[in-house]
1. Where only protein heavy atoms count, and the probe is 1.4 Å, what is the accessible area per residue for the chain in Å²?
2. For the ranges 275-285, 106-116, 54-64, 86-96, what's the packing order if you count other beta-carbon atoms within 10 Å of each residue, average per peptide, and put the highest first?
3. Which net charge results when you count Lys and Arg as +1 and Asp and Glu as -1 among the other residues whose beta-carbon is under 15 Å from that of Ile189?
4. Where in the chain are the DSSP H helices whose C-alpha atoms run 30 Å or more along the long axis and whose mean Kyte hydropathy is at least 1.0?
5. Run the reach check for Lys72 against lysines, Cα to Cα strictly under 25 Å, same-chain hits fewer than 8 apart removed. What comes back?
6. With an 8 Å cut-off on Cα pairs and a minimum separation of 6 or more residues, tell me the relative contact order of region 244-366 in percent.
7. For region 1-126, count the residues as N, evaluate 2.2 N^0.38 Å, and divide the Cα radius of gyration by that value, please.
8. For region 279-321, what value does the Rg/Rh ratio take when both radii are computed over Cα atoms and Rh is the Kirkwood radius, given to two decimals?
Amino acid sequence: MEKAKISASQLFILMILFELGSSLLLPIAMDAKQDAWLAILLGMVFSFVLFLIYHKLYSYYPDILPTKYMQKILGKAIGSVLAFLYIFYFIYDVARVLRDIGEMLLTFAYPDTPLFIANALLILVIIYTVRKGIEVIARSGEIFFIIMYILAITGFILIVCSGLIDFKNLQPVLEKGISPVLNVTFTQILYFPFGEAIVFTMILPYLKNPKKAKITMLCATGLTGINLTITMLINISVLGVGLTARSQFPLLSTVQSIQVADFLERLDVFFMLALVIGGFFKISVLFYAAVIGTANLFKIKSPSQLSYPFGIIILFMSLTISSNFQEHLHEGIGIEMFVLHIPFLVIIPILLFLVAFLKNRKEQRE
């Protein structure tokens with residue numbers, strides 16, 4: 001492990017930036033139509049259960065990384081294989097988020113720029129940041145967190161002043177009952193973006209005060225859920241259900257609609273900054289987890305040495321992961337959700353928790 005420590009407030013900020021990340025970009029939960037905001041809210045509530053499981057595992061092994069305590073729980077052979085699979089999962093997730101941000105930049109700002117150039121420039125900055133360690137990532141988050149929320153509050157005020165909001169677009173509420181909302185909650189939102197924060201189990205051992213881990217994780221997830229709910233309410237009330245669902249990046253489409261006093265308009269570039277900030281920290285945290293996990297698993301003394309080879313792998317994976325952006329979205333929302341998210345974010349952590357609980361109970365009796 002790296003000899004570093006972060007505060008509870010830094011963990012709180014990193015979790016918010018991570019969970020907002022690419023989820024601000026995409027039309028999440030739109031299978032629930034005008035009730036998408038409710039699906040997000042329910043996803044936040046049910047994710048608390050997952051976080052309590054993640055935290056309980058951390059409380060059993062507070063001083064070691066998951067790549068190590070998996071071996072203690074399941075044995076060295078099975079635990080090592082599982083740890084390697086989680087590292088691959090983090091790398092794969094980094095590549096997907098990098099593709100999201102790259103596609104957004106090309107769509108709205110640099111249409112004639114190759115995707116390779118946009119992704120390469122971003123991954124180079126992230127490699128530099130990850131090499132500096134978790135403390136630098138956390139301190140950077142404190143600065144950009146303030147910038148991001150200033151942009152968010154400014155955007156909300158401008159949207160309200162533009163008179164774009166039409167609450168009729170949110171009606172009727174629960175038109176087809178609660179079933180479609182629950183279906184979206186348990187097949188999509190619970191895992192993306194909330195469940196993905198399992199990556200913070202790789203960060204928790206660096207926390208200065210372990211006792212604050214639980215409340216910090218729950219508060220960060222709660223604030224993120226409220227932010228995403230408000231964002232989706234605004235998107236649907238401004239664009240309508242149909243346009244929100246069809247738009248690749250609904251929040252940017254909403255921002256493009258802003259027009260105040262016939263002179264304040266075309267603010268999409270201004271708010272792309274907020275989306276890039278969120279994506280940057282999501283990629284950085286996942287990248288760092290993959291690097292530190294690999295170093296821990298294979299006993300590599302200098303984790304920073306892995307940054308460049310991992311960066312190259314992630315860059316080319318982001319380019320080859322799908323042939324176009326629509327295929328990329330289909331894989332992320334459909335296939336990846338069931339093949340990767342449910343096993344890695346729910347099933348395996350629950351099994352690890354049950355085995356760890358029984359082992360801990362047995363040791364206490366002895």
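The values are calculated or read from the model by the stated rules, or taken from the named source; none is laboratory data. Everything numeric here is computed off the predicted structure, so don't read it as measured data. No Cβ is skipped: glycine too gets one built from the backbone with ideal geometry, and neighbour counts run over all protein chains shown. Ligands, DNA and RNA are excluded from the accessible area calculation, which covers all protein heavy atoms including side chains. Shrake-Rupley method; radii C 1.70, N 1.55, O 1.52, S 1.80 Å.
1. Details: 15880 Å² over 366 residues.
In whole numbers, the chain has 43 Å² accessible per residue.
2. Numbers: 275-285: 24.8, 106-116: 13.1, 54-64: 17.8, 86-96: 22.0.
Packing order, densest peptide first, comes out as 275-285, 86-96, 54-64, 106-116.
3. Values: positive: Lys33; negative: Glu19, Asp31, Asp35, Glu196, Glu336.
Net of charged neighbours comes to -4.
4. Working: long enough: 36-60 (36 Å, 1.61); 76-108 (48 Å, 1.17); 134-162 (40 Å, 1.97); 213-246 (40 Å, 1.28); 268-297 (43 Å, 1.79).
Span-like helices, by this rule, are 36-60, 76-108, 134-162, 213-246, 268-297.
5. Lys3, Lys5, Lys56, Lys208, Lys211, Lys212, Lys214, Lys299, Lys301, Lys359, Lys362
6. Values: 36 pairs, mean separation 10.6, N = 123.
Normalised by residue count, the contact order of region 244-366 is 9 percent.
7. Details: Rg = 18.5 Å, N = 126, 2.2 N^0.38 = 13.8 Å.
My calculation over the Cα atoms of region 1-126 gives 1.34.
8. Working: Rg = 10.9 Å, Rh = 10.9 Å.
With Rg and the Kirkwood Rh in hand, the quotient comes to 1.00.
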